[in-house]
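The values are calculated or read from the model by the stated rules, or taken from the named source; none is laboratory data. Given the structure is predicted, the values throughout are model-derived calculations rather than measurements. Neighbour counts run over all protein chains shown; Cβ positions are idealised from the backbone, glycine included. All accessible areas refer to the heavy atoms of the entire protein, side chains included, with ligands and DNA or RNA removed. Shrake-Rupley method; radii C 1.70, N 1.55, O 1.52, S 1.80 Å.
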Amino acid sequence: FFVASEAPGVLLIYKREDLKGKVWSVSLQDCKIVEDPANIHQIRIVSSSGVIFLRVLKAEERSAWARCLNQSIEVYLKNRAVVQEMTQKGVGVGGGGGGG
């Protein structure tokens, strides 16, 4: 069983339907999401390190899952770009944020 994490760019995979026994988490950074044309229940997550095959129970849910995973990647990339830009400008470097 798999679920999209609240953290963008991460997929969580579990052993059981009740979402207990997490097997691993998968970073979707630099991945491509492919709806397998040969199998209406399958989604492939393709990365430089390999391919992960996911199966949806209902074929009509596959496109929604693929969109969800792609949106998660997009949000992650936007957030990463903001952090990189702020770091280059020196914003937020050194912690602090004090107030007082």
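Quick notes on this one:
- Boolean, Ser5 is open to solvent by less than 70 Å² (accessible area, probe 1.4 Å) and at pLDDT below 90: yes
- The residue of the stretch 13-30 that is modelled with the lowest pLDDT, among those that are closer than 18 Å to Glu74 by Cα and open to solvent by less than 30 Å² (accessible area, probe 1.4 Å), is Val26.
- Ala59 meets each of the listed conditions (1) over 18 Å from the mean Cα position of the chain (by Cα); (2) modelled with pLDDT of 75 or more; (3) open to solvent by 40 Å² or more (accessible area, probe 1.4 Å); (4) not polar (S, T, N, Q) apart from (3).
- The stretch 31-48 residues that are under 21 Å from Glu74 (Cβ atoms) and touching a residue at least 12 places away in the same chain (Cβ under 8 Å), paired with ones that are among the small types (Gly, Ala, Ser) and open to solvent by less than 30 Å² (accessible area, probe 1.4 Å) (beta carbon under 9 Å, 6 or more apart): Cys31/Gly9; Ile33/Ala66; Val34/Ala66; Glu35/Ala66; Ile43/Ala66
- Of the residues making up the stretch 36-76, those that are in contact with a Pro (Cβ under 6 Å, 6 or more places away or on another chain) and hydroxyl-bearing (Ser, Thr, Tyr) are Ser72, Tyr76.
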